[in-house]
Structures are given as structure tokens and as C-alpha cells.
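Inspection log for the structure reproduced underneath, given as C-alpha cells.
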Amino acid sequence: MNDPAIQRRWLVALLIVYAALAFLTYATGLANELMPGQELPPEMTRWPGWVFGLANAGIVLVVYGLMGLVGLYIARRLGLPGVIRLGAGCRRLFWAPLGLGVVVGIVMAAADAAFAAVGTGRDGLLHPAFPMSLIASASAGIGEEIAFRLFVMSLWAGLLNLVLGPLGKRRWALWGGNGLAALAFAAAHLPAVMFMLGAETLAAVPPLLMAEVFLLNGIVGVVAGERYARDGLVAAAGVHFWADVIWHVLWPPLAGLLLAG
């Protein structure tokens with residue numbers, strides 16, 4: 001049985017790691033490498049990096065903490081494992097997410113190369129420089145999974161279950177919540193794409209590039225959502241992290257070598 005107190009302790013532990021990563025990103029100046037070729041706005045460089053680091057760490061603890069607690073409450077009502085399925089074992093909580101994440105990362109890299117080949121107007125999507133790419137992978141694995149799986153997916157699954165649950169269709173409610181959360185997760189990446197292109201409106205984003213953003217992020221979201229429903233947030237974060245390691249850390253230098261060849 002998943003003790004609510006233990007679930008909250010796991011959530012706090014993940015929040016502390018995420019807050020530490022947020023602080024490190026700004027305190028060390030690595031935030032400048034989040035988007036290659038783009039600098040932070042002048043108003044964000046007038047204060048020491050540690051000030052913005054502390055501010056972001058505080059935002060993480062408050063905002064993501066609230067989302068996490070709400071998500072945990074809904075997950076418990078739905079009978080979902082929450083942050084972690086206690087007793088699931090290393091195979092389900094580490095090795096399965098690792099394997100799935102690697103496969104998803106490879107699929108993303110292959111799809112990115114295919115989209116670039118047929119003409120998105122770019123040589124693939126941009127990636128943070130190392131070591132920011134590794135920090136970004138860990139941050140996204142925790143933060144985005146708290147937001148889009150523990151909170152958004154649980155919320156939508158809970159709402160759908162109000163209608164489908166009495167009909168014995170709880171599984172449909174979970175998959176519906178998973179799909180809607182994956183769409184929201186993909187859409188949340190559009191502002192970064194607009195920033196990358198210098199576009200002021202979504203209409204300025206090429207349709208093929210928008211399709212790539214939704215496809216790649218949708219794949220991550222659906223697979224992570226399936227792991228969340230099965231074994232909890234820790235498993236979903238593992239899928240997301242390892243997929244991002246392939247996608248952000250390993251794929252860019254490999255793509256560079258392939259293009260050079």
C-alpha cells in the first residue's frame with residue numbers, strides 16, 4: 001500500500017533536487033546556454049546569478065510543490081501509485097524507464113533527422129550546450145513530470161473518471177488523461193520554439209516544425225504517462241530523463257559528426 005506520508009516525502013526529495021538544479025542553472029551562469037545563440041534579457045543580468053537562482057528555487061518549491069500535492073491527492077482518489085509504487089523493485093522503477101527512455105530518445109533523434117531532411121528549414125531542433133544539456137535533462141525529468149503527469153494527467157483523468165468511472169471505463173479515463181497531458185506537454189514547448197525562431201506569433205512557426213514539436217514531445221508524454229499510471233512519478237521521470245539524455249546530450253554531437261561526414 002502506498003502510504004501518503006511516504007509519498008509526500010518522496011515528493012519533497014524530488015522538489016529539493018529540482019530546486020537545487022534551478023539554483024545551479026542561474027548561479028553558475030549556465031542559463032545563458034539554455035538556448036544556443038540567445039542571450040538572457042538585459043534585465044536578468046543586472047543582478048548576481050545567485051539572486052535569480054534563489055528566486056527560481058523558491059518558485060520551484062512553492063509552485064511545483066502545490067501542483068505535486070494536488071496531483072497526489074487526485075492520484076490517491078484514482079488509485080494511482082502517486083510518486084512511487086512502493087515495493088515495485090529496481091527493474092520497474094529503474095531498468096524499465098531506462099530502456100524505454102533510450103528507445104524514445106532514439107526515435108526522437110531519428111524523427112528529427114527525418115524532419116530536417118524533408119525540409120523544416122533547419123538542421124534539426126536546437127539543444128543546450130553541455131553541461132547545461134545534462135542539467136536541463138534532469139530538471140525536465142523532474143519538473144515537467146510533476147507538472148504534466150502528476151498534476152495535469154491526474155487532473156484530467158480525475159475529471160474524465162467522473163463520467164467514465166460509473167460506466168466501468170476507468171482505464172479509458174486514464175488514457176484520456178494521458179493523451180491530454182501529452183498534448184499540453186507538447187504545446188508548452190511552443191514558446192521556446194517561437195523564441196528560437198524569433199517569431200512573434202504561432203502563425204510564424206512553419207507547420208512542419210510545429211508537427212515535429214508535437215510528435216516528438218507527444219511520444220515522450222504518452223510513454224512517460226503510461227509509466228506514471230503503472231509505477232508512479234519516479235518511473236515517469238526516469239523515462240523523461242533518459243530520453244532527454246539521448247536527445248539533448250548524445251544526439252547533438254552525433255548529428256554533428258554525421259553532417260560533417
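The values are calculated or read from the model by the stated rules, or taken from the named source; none is laboratory data. Owing to the predicted nature of the structure, the values given are computational and were not obtained by experimental measurement. Cβ atoms come from the backbone with ideal geometry, glycine included; neighbour counts cover every protein chain shown.
Observations, loosely collected:
- Test result for Ala243, at pLDDT 95 or above and under 13 Å from the mean Cα position of the chain (by Cα): yes
- Sole exception among (1) crowded, with 24+ Cβ neighbours inside 10 Å; (2) closer than 16 Å to Gly141 by Cα for Gly177, by number: (2)
- Qualifying residue in the stretch 189-196 (condition: buried (at least 19 other Cβ atoms within 10 Å of the Cβ), out of contact with any His (no Cβ under 9 Å at 6 or more places or on another chain) and either within 28 Å of Val63 (Cβ to Cβ) or hydrophobic (A, V, I, L, M, F, W, C) (or both)): no
- Considered as a group, the residues in the stretch 139-170 that are farther than 23 Å from Ala237 by Cβ and basic (Lys, Arg) include one that is nearest to the chain's Cα centre (by Cα), and that residue is Arg170.
- Just one of (1) at pLDDT below 95; (2) over 30 Å from Leu162 (Cβ atoms); (3) surrounded by fewer than 19 Cβ atoms within 10 Å (Cβ to Cβ) fails for Thr25. It is (3).
- Filtered residues of the stretch 78-90 (kept if part of a helix (DSSP H, G or I) and either in contact with a Ser or Thr (Cβ under 7 Å, 6 or more places away or on another chain) or surrounded by 11 or more Cβ atoms within 10 Å (Cβ to Cβ) (or both)): Leu78
- Applying the set (1) touching a helix residue (DSSP H, G or I) at 6+ places or on another chain (Cβ under 9 Å); (2) surrounded by 15 or more Cβ atoms within 10 Å (Cβ to Cβ); (3) over 18 Å from Arg76 (Cα atoms) to Gly119 leaves exactly one unmet item: (2).
- Residue in the stretch 169-181 that is touching a Gly at 6+ places or on another chain (Cβ under 7 Å) and over 29 Å from Tyr18 (Cα atoms) present: yes
- Some residue of the stretch 175-184 being outside any helix (DSSP H, G or I), in contact with a helix residue (DSSP H, G or I) (Cβ under 6 Å, 6 or more places away or on another chain), among the aliphatic types (A, V, I, L, M) and over 16 Å from Ile74 (Cβ atoms): no
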